[in-house]
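A.B. asks: Structure in structure tokens, see below.
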Ligand SMILES: [Zn+2]
């Protein structure tokens, strides 16, 4: 499976319905607001949450 964040083909975990590798999860967990990578991971989480929310809408269409 391909990691949704780094795009590498690795063993991934399923987080909010998205495949994310252990390394990326550890990066996110260890990233502090004053790290250079903070904005990058913050955006990634926003994108992943976006997928999660849109998939929920597809599964449960409210019409
Ligand atoms: Zn990754």
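One line per residue, one yes/no per condition, for (1) surrounded by 12 or more Cβ atoms within 10 Å (Cβ to Cβ); (2) outside any loop (DSSP other than H, G, I, E, B); (3) within 9 Å of the ligand (Cβ to nearest atom):
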site	(1), (2), (3)
6	yes, no, yes
14	no, yes, no
24	yes, yes, yes
33	no, no, no
41	yes, yes, no
45	yes, yes, no
48	yes, yes, no
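A.B. asks: Any residue in the range 3-27 that's more than 18 Å from residue 55 (Cα to Cα): show its pairings with residues that are in a strand (DSSP E or B) and more than 8 Å from the ligand (Cβ to nearest atom) at Cβ separation under 6 Å, as long as the two are six or more apart or on different chains.
C.D. replies: Matching pairs, first to second residue: 9/2; 12/19.
Taken together, the values in this text are just the output of simple stated rules run on the coordinates, not laboratory data. All of these numbers come straight from a predicted model, not from anything done at the bench. We place every Cβ from the backbone using ideal geometry, glycine too, and count neighbours over all the protein chains shown.
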